[in-house]
Amino acid sequence: MNVSCAPSDLLVFCHLRWDFVFQRPQHLMSRFVSHRRVYFIEEPHLDKVTHPKIELRQTQEGVTVVAARVPETFTHEQQMQTQKNLLDRLLEDEMIENYSAWYYTPMALHFSSHLNAEITIYDCMDELSKFKGAPQALIHQESELLQKADLVFTGGHSLYEAKKDRHNNIHPFPSAIDAAHFAQARTQQPDPDDQKDIPFPRLGFVGVIDERMDIDLLAKMAERRPQWQFIMIGPVVKIDPATLPQRPNIHYLGMKKYAELPAYLANWNCALMPFAKNEATRFISPTKTPEYLAAGLPVISTSIRDVVHPYGVQKLVAIADDADTFIAAAENIFQTFDKSTHWPRHDEFLQHISWDETWGKMAALEYELYRKKIDQKFSKMYGVLE
């Protein structure tokens, strides 16, 4: 694979802020930036500014984060036109001419459909239309993006099954893992200050706490096992924090930096994925599944399709859908989990799903497509195309 032969720049349109939870977009773009310029274009910031402006900053990985600041008094139409103008200015100021456009959100088409990208990629990491507060126009915009895209990726196999008949060049890429990072949790780590005084046993969750969380399940487990400690790490989004169950043995520690996570996980007894079974979780492929395993933790999850297959089927994750079965699974783990037998099985599975390998396969697909387009252009230029 010769990544340098792909378009020289990459414009990434994302519904997530770069400094939000470090996940799929950040993992992939941190690798692409080693070979090309990457511009990570966030959704606009509606501010009390009087004039629109665009701000650029470099992340420690080398990615250029592009933040448009737009007057909050602007109408939707004014916002879209302003973003289009700012995007055009970005291309001019940064001398961006040969580039691919990479979309995480179809809504970005409102201000970027005029772009003349060499390759257009849609990385459909989630079924955003099923999420709480999704714009009504999202379904229409996704149909437009699927027509425009040269290449489509999905964040899991269930999402691939749902989309595969809508595009002729679509590929599933489930959640991957930076195994070395999370493997730090397998060695003794100092207990973080906000966790060190919490008793054991500890059952923890890391991720966004939103409508995908089964808060009733969490409450029931905490009530029935008051001696167990439930640690919840991550931002609360799109739901009222007041609706979260409050118990002496439930601890909401807030959002943590990616680099801090191994220290928290190293001091847990079990990892949880108490997802609700609803429209928002129908197609998810949680990144935390392989992260927990790489950290050496036993895992219990509700029967999310992309967790059951392959993790549940291969006995890498215990599957439970109510408080009684969750508790039974945890009690079994406390009695029987043996790292000498479980860790080798975890590692055997994880060695095939690294972010490096996922990025490499995606980059190879983009390169092959770009090479074919270049060949077609030369063929037309010299009149040999049949």
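The values are calculated or read from the model by the stated rules, or taken from the named source; none is laboratory data. Note that this is a predicted model, so its numbers are computed, not measured. So basically every Cβ, Gly included, is an ideal-geometry build from the backbone, and we count neighbours across all protein chains shown.
Within the stretch 28-58, can you find the residues that are closer than 15 Å to Leu16 by Cα, assigned to a loop (DSSP other than H, G, I, E, B) and in contact with a helix residue (DSSP H, G or I) (Cβ under 9 Å, 6 or more places away or on another chain)?
Within the stretch 28-58, Glu43, Pro44 meet the criteria.
If the requirement is being crowded, with 17+ Cβ neighbours inside 10 Å, under 19 Å from Ala318 (Cβ atoms) and charged (D, E, K, R), which of these qualifies: Arg202, Arg224?
So the residue among Arg202, Arg224 that is crowded, with 17+ Cβ neighbours inside 10 Å, under 19 Å from Ala318 (Cβ atoms) and charged (D, E, K, R) is Arg202.
Given (1) more than 23 Å from Gln184 (Cα to Cα); (2) within 19 Å of the chain's Cα centre (by Cα); (3) of a type outside the set (D, E, K, R); (4) crowded, with 20+ Cβ neighbours inside 10 Å, identify the lone condition not met by Val237.
So the condition that Val237 fails would be (4).
Pull out all pairs, ordered by first then second residue, where Cβ-Cβ is under 6 Å, the residues are six or more apart or on different chains, the first lies in the stretch 53-69 and is assigned by TED's automatic domain parsing to the domain that holds Asp88, and the second is aromatic (Phe, Trp, Tyr) and part of a strand (DSSP E or B).
Pairs that qualify, where the first residue is assigned by TED's automatic domain parsing to the domain that holds Asp88 and the partner is aromatic (Phe, Trp, Tyr) and part of a strand (DSSP E or B), are Val63/Phe40; Thr64/Tyr39; Val65/Phe40; Val66/Tyr39.
Taking Asp165 as the residue in question, decide whether it is loosely packed, with under 13 Cβ neighbours inside 10 Å, modelled with pLDDT of 95 or more and in the same structural domain as Gln229 (by TED's automatic domain parsing).
no
Considering only the stretch 249-264, I want to know if a residue exists there that is more than 17 Å from Asp214 (Cβ to Cβ), acidic (Asp, Glu) and surrounded by fewer than 17 Cβ atoms within 10 Å (Cβ to Cβ).
For the stretch 249-264, residues more than 17 Å from Asp214 (Cβ to Cβ), acidic (Asp, Glu) and surrounded by fewer than 17 Cβ atoms within 10 Å (Cβ to Cβ): present.
Do the conditions hold for Ile41, that is, is it closer than 18 Å to Cys124 by Cβ, surrounded by 14 or more Cβ atoms within 10 Å (Cβ to Cβ) and β-branched (Val, Ile, Thr)?
yes
Look through the stretch 88-130, keep the residues that are assigned to a helix (DSSP H, G or I) and of a type in the set (D, E, K, R), and return whichever of them is nearest to the chain's Cα centre (by Cα).
Lys130
Please list, ordered by residue number, the strands (runs of 3 or more DSSP E) wholly in the stretch 192-269 having 2 or more residues that are in contact with a helix residue (DSSP H, G or I) (Cβ under 7 Å, 6 or more places away or on another chain).
202-206, 229-233
Filter the stretch 279-331 down to residues that are among the β-branched types (Val, Ile, Thr), surrounded by 17 or more Cβ atoms within 10 Å (Cβ to Cβ) and part of a loop (DSSP other than H, G, I, E, B), then give me how many there are.
5
In this structure, does Ala320 turn out to be touching a strand residue (DSSP E or B) at 6+ places or on another chain (Cβ under 8 Å) and small (Gly, Ala, Ser)?
In short, yes.
Restricting the search to the stretch 332-347, which residues are without any contact (Cβ under 8 Å) to a residue 24 or more places away in the chain, exposed (fewer than 13 other Cβ atoms within 10 Å of the Cβ) and assigned to a helix (DSSP H, G or I)?
If the condition is that a residue be without any contact (Cβ under 8 Å) to a residue 24 or more places away in the chain, exposed (fewer than 13 other Cβ atoms within 10 Å of the Cβ) and assigned to a helix (DSSP H, G or I), then Gln335, Thr336, Ser340, Thr341, Pro344 are the ones that fit.
Quick check, is Ala108 more than 24 Å from Thr281 (Cα to Cα) and modelled with pLDDT of 95 or more?
No; evaluated as a whole, the condition is false for this residue.
Does the stretch 141-153 include one or more residues that are modelled with pLDDT of 95 or more, closer than 20 Å to Asp306 by Cβ and not charged (D, E, K, R)?
Yes: one or more hits.
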